[in-house]
Amino acid sequence: MSKKENILVVDKLSVRFPIGAGLLKRAKKYVRAVNDVSFTISRGETLGLVGESGSGKTTVGRAIVRVNDPHQGSILIDGSEVVGVKPGQMRPLRRKVQMVFQDPYSSLDPRQTIRHILTEPLKTHNLPLKTADGKDRVEELLTLVGLDPKFATRYPHQFSGGQRQRIGIARALAVEPELIICDEPISALDVSVQAQVVNLLESLKKSLGIAFLFIAHDLAVVRHISDRVAVMYLGGIVEIASSNELYENPKHPYTQALLSAVPVPDSDVEKNRKRIILTGDIPSPTNMPTGCAFHTRCPLRAKLGNPEICSTTKPEFQNVPTQDGVHQVSCHFALDPK
Amino acid sequence: MSEPLLEVRDLRVEFNSSQGHVSAVRGLSYTVNEGESMALVGESGSGKSVSALALIGLLPKRTSKITAGSVKFRGKELVGLSEKELQKIRGGSISMIFQDPLSSLNPVLTVGQQITEQIRAHEKVDKKQALNRAVELLDLVGIPSAKERVLQYPHQLSGGMRQRAMIAMALSSKPSLLLADEPTTALDVTIQAQILELLANLQKELKMSLILITHDLGVVAGFTEKLTVMYSGNAVEQGRTADLLANPQHPYTSGLLRSIPRLDRPRTSELKPIPGMAPDMSRIPVGCAFAPRCELATDKCANEKPLLEEILRGRQVACWHPQNNSSTHESLAR
């Protein structure tokens with residue numbers, strides 16, 4: 001059987017968290033963290049997922065590995081359904097998807113040596129500790145992420161943040177996954193070290209053909225590393241397009257505002273650019289706006305004289321064919337701002 | 001020439017730790033004029049925040065001290081002032097705002113109580129007048145329905161609102177200098193844009209001087225006039241913000257600018273990171289602290305510490321091999 005083209009297919013995924021639920025108390029309200037999110041990642045592709053805090057981007061990543069259980073929807077990893085699978089049967093699927101976390105300090109056990117940390121996933125999945133030509137897997141993994149194989153006997157506290165993040169990446173690579181979910185992998189690192197980790201991820205993608213879901217709030221890094229980018233707002237995806245297309249030609253008013261808010265280190269550009277300043281804060285996901293989730297802050301809606309449809313009807317994805325694949329945007333007026 | 005508002009000369013700060021003395025700030029000098037805005041940029045551990053805390057006597061007393069240097073504010077020496085005298089200046093003519101508004105506000109007092117407390121610490125006004133002032137201040141920083149908000153607790157406000165409330169508190173004494181330590185780092189980018197715009201407008205309106213401490217070179221570009229880049233407790237480059245970003249002379253500054261992807265430039269195939277990492281502050285190299293990571297380093301760099309020298313008009317660089325040509329800028333722009 002030929003391999004499926006898409007390593008990941010997420011369809012109409014919703015995740016919600018109960019508020020105030022207890023042993024004998026039913027939840028009265030839910031935080032709707034992710035609503036009706038659909039996207040795909042093909043083999044060897046990097047999809048960037050951007051959004052502000054509370055947009056649900058982390059929850060999407062965690063739902064794929066079933067850290068947070070989805071409420072509705074379907075997640076196919078390499079063609080097999082993940083939602084509803086019993087925990088015991090998750091293991092073969094987990095081998096295909098691994099995760100790299102934001103904080104390299106809390107995501108490594110301080111009492112385990114690096115060898116212990118890297119051997120654990122191998123043992124869990126019954127994988128050999130030696131390669132076919134007799135080399136030590138742990139040393140091979142450390143070399144792969146640019147660390148000295150001699151470091152295997154050390155403990156996490158003996159490493160800097162950047163090195164720890166490399167260890168976290170080595171741990172994810174140990175089971176030879178086909179998809180790695182990176183949740184803000186560089187935001188805890190110093191600026192001068194961030195580029196080192198970004199380059200490592202890119203070279204791994206090239207040499208091993210791994211697909212990435214790259215979750216981050218730094219829009220410039222996401223543009224750099226991603227083939228395609230999805231923008232989330234308040235639990236839903238508002239726009240997906242190829243990285244070039246999205247940044248050159250953003251269509252959703254939220255994406256436009258987000259991009260215009262990113263400061264760049266050039267005073268001339270900064271002083272002359274037109275910034276779209278959004279008013280107010282992101283609404284609470286316990287009390288979602290009706291219609292389009294963005295309508296309460298939308299500058300385009302205000303410009304059009306607050307059309308009613310924005311507050312009553314949730315916009316469907318509209319597909320715009322481009323040179324770089326399909327550009328999808330969920331807005332009533334983005335394509336035709338009358 | 002008129003006297004600068006703030007003049008910091010050869011400031012040195014040391015911490016005592018179990019591993020001996022750690023020099024966090026090692027001879028920092030800069031000046032800020034009336035109404036001027038300066039950015040202090042550096043990575044974690046570069047000493048940017050510590051140097052700002054030192055200005056207003058907020059360093060932890062048991063573990064740290066200013067070992068040398070002078071801080072003159074309107075010609076008056078601040079180093080060595082008694083706690084009582086410092087208290088008058090702090091939150092008076094010099095105010096500070098911090099990165100994390102949630103942990104810098106008192107969770108059990110309302111926003112109004114906290115602002116009035118500060119007003120009444122510096123001025124003789126009664127509670128009612130102070131509360132009215134607090135409402136005006138919240139209005140000034142763009143908090144809608146300030147009359148209700150003034151009675152709310154910090155947890156009832158969003159992150160952006162809390163930072164606005166902190167700014168209102170800092171402005172209550174009409175300071176002539178505002179120290180802003182990473183004021184937008186904890187905020188989302190659209191909220192960051194709101195707060196930066198607010199700070200820039202307030203600075204102009206109230207004719208304050210501003211020191212903005214940040215690690216983000218993008219944030220400084222738009223609204224600071226001067227820029228001091230710090231590395232391992234030293235200023236390595238100083239100058240006008242626009243020129244400095246366009247034509248960096250110190251290899252650390254240019255390396256930093258090369259290592260970040262930028263939305264205003266076409267996508268590049270690969271980033272150029274600075275190799276290695278910042279030195280352990282208890283074991284700083286003898287010569288230039290950046291030498292172990294620097295492409296241009298020679299024996300001299302490893303052995304002799306370079307001092308800040310003016311190499312272009314208005315540009316000071318601490319480097320034995322400043323890049324001193326505009327072709328670096330061209331290669332950056334590629």
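If you check B:VAL236, B:VAL189 for being free of Cβ contacts under 8 Å to residues at least 60 places away in the same chain and among the hydrophobic types (A, V, I, L, M, F, W, C), only one passes: B:VAL189.
Among the conditions (1) facing chain A (nearest Cβ under 8 Å); (2) without any contact (Cβ under 8 Å) to a residue 40 or more places away in the chain; (3) assigned to a loop (DSSP other than H, G, I, E, B), the only one that B:LEU245 does not satisfy is (3).
Can you tell me which residues in segment B:9-29 are surrounded by 18 or more Cβ atoms within 10 Å (Cβ to Cβ), among the small types (Gly, Ala, Ser) and over 16 Å from the mean Cα position of the chain (by Cα)? Of everything in segment B:9-29, those that are surrounded by 18 or more Cβ atoms within 10 Å (Cβ to Cβ), among the small types (Gly, Ala, Ser) and over 16 Å from the mean Cα position of the chain (by Cα) turn out to be B:SER23, B:GLY27.
Among the residues of segment B:82-120 satisfying the criterion of being among the hydrophobic types (A, V, I, L, M, F, W, C) and out of contact with any Lys or Arg (no Cβ under 9 Å at 6 or more places or on another chain), which is farthest from B:VAL150 (Cα to Cα)?
My answer is B:LEU86.
Over 21 Å from the mean Cα position of the chain (by Cα), over 29 Å from B:ALA130 (Cα atoms), surrounded by fewer than 21 Cβ atoms within 10 Å (Cβ to Cβ) and not aromatic (Phe, Trp, Tyr): does that describe B:GLY69? Against the criterion (over 21 Å from the mean Cα position of the chain (by Cα), over 29 Å from B:ALA130 (Cα atoms), surrounded by fewer than 21 Cβ atoms within 10 Å (Cβ to Cβ) and not aromatic (Phe, Trp, Tyr)), B:GLY69 does not qualify.
Name the single residue, out of those in segment B:202-241 being at the interface with chain A (Cβ under 10 Å from one of its Cβ atoms), of a type in the set (D, E, K, R) and part of a loop (DSSP other than H, G, I, E, B), that is nearest to B:ILE311 (Cα to Cα). Residue satisfying both the conditions and the ranking: B:GLU225.
In the set (1) within 11 Å of chain B (Cβ to nearest Cβ); (2) farther than 22 Å from A:GLY56 by Cβ, A:SER187 fails one condition alone, (2). Scanning segment A:205-222 for residues that are buried (at least 22 other Cβ atoms within 10 Å of the Cβ), outside any strand (DSSP E or B) and under 13 Å from the mean Cα position of the chain (by Cα) returns A:LEU219, A:VAL221, A:VAL222. For B:ILE167, are the conditions met, namely being β-branched (Val, Ile, Thr), under 14 Å from B:GLY35 (Cβ atoms) and either away from every other protein chain (no Cβ under 13 Å) or without any contact (Cβ under 8 Å) to a residue 60 or more places away in the chain (or both)? So B:ILE167 fails the test. If you go through segment B:273-303 and pick out every residue that is modelled with pLDDT of 90 or more and at the interface with chain A (Cβ under 7 Å from one of its Cβ atoms), you end up with 2.
Report, by residue number, each residue of segment B:89-117 that is modelled with pLDDT of 90 or more and part of a helix (DSSP H, G or I). Answer for segment B:89-117, where residues must be modelled with pLDDT of 90 or more and part of a helix (DSSP H, G or I): B:ILE89, B:VAL111, B:GLY112, B:GLN113, B:GLN114, B:ILE115, B:THR116, B:GLU117. Determine, yes or no, whether A:ALA152 is in contact with a Lys or Arg (Cβ under 6 Å, 6 or more places away or on another chain), outside any loop (DSSP other than H, G, I, E, B), in the same structural domain as A:GLY79 (by TED's automatic domain parsing) and buried (at least 19 other Cβ atoms within 10 Å of the Cβ). Yes.
The values are calculated or read from the model by the stated rules, or taken from the named source; none is laboratory data. The model shown is predicted, which means the values in this text are computed figures rather than measured ones. Because the Cβ atoms are built from the backbone with ideal geometry, glycine has one as well, and the counts that use them run over all protein chains shown.
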